[in-house]
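Note sheet for the following structure.
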Amino acid sequence: MRIYEVIDLPLHEQVFEFLRLNRLISNRADFSRNYLGRSRSYLNTIQYSGHLPSTDAMTVLSERLEWLVGTDITEGTKTEVLLYKTKIDHILNSR
């Protein structure tokens with residue numbers, strides 16, 4: 001069962017909202033630094049400029065989601081994280 005999904009947002013924003021609502025991150029700066037490997041303002045900057053995250057940032061996001069699956073989170077959350085990782089990997093492989 002899906003805990004939370006925001007289908008009208010870009011994939012990286014869906015992941016951000018999922019992690020935030022499941023209290024795995026605090027805010028956009030936390031996500032930018034710890035899940036995209038960028039500066040604290042990166043997510044805000046790309047949102048307001050209308051850009052998508054770089055390939056490097058999406059690669060870091062995929063790696064961080066893989067790491068997250070190995071931590072002490074619920075099985076339902078792990079399942080959702082793996083689904084997001086699969087979607088991200090599909091995008092990366094098509095670039």
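Observations on the model:
- Relative to the Cα centre, the charge distribution of the chain, modelled as +1 at Lys and Arg Cβ and -1 at Asp and Glu Cβ, gives a dipole magnitude of about 240 debye.
- Measuring nothing but how far apart in sequence close Cα pairs (under 8 Å, 6+ apart) lie, relative to its length, the chain scores a relative contact order of 23 percent.
- DSSP-assigned coil residues among trypsin sites (Lys or Arg not before Pro) in the range 1-84, each with at most 16 further Cβ atoms within 10 Å: 2, 23, 40
- Of 34, 55, 15, farthest towards positive along the dipole that unit charges on Lys, Arg, Asp, Glu beta carbons give the range 11-94: 34
- Rg(Cα) / (2.2 N^0.38 Å) computed for the chain, rounded to two decimals: 1.00
Computed from the coordinates by the stated procedures, all read-outs in this text should not be read as laboratory data. Predicted model only: the values in this text are computed from it and were never measured. With ideal geometry, Cβ positions are generated from the backbone for all residues, glycine too; neighbour counts draw on all protein chains shown.
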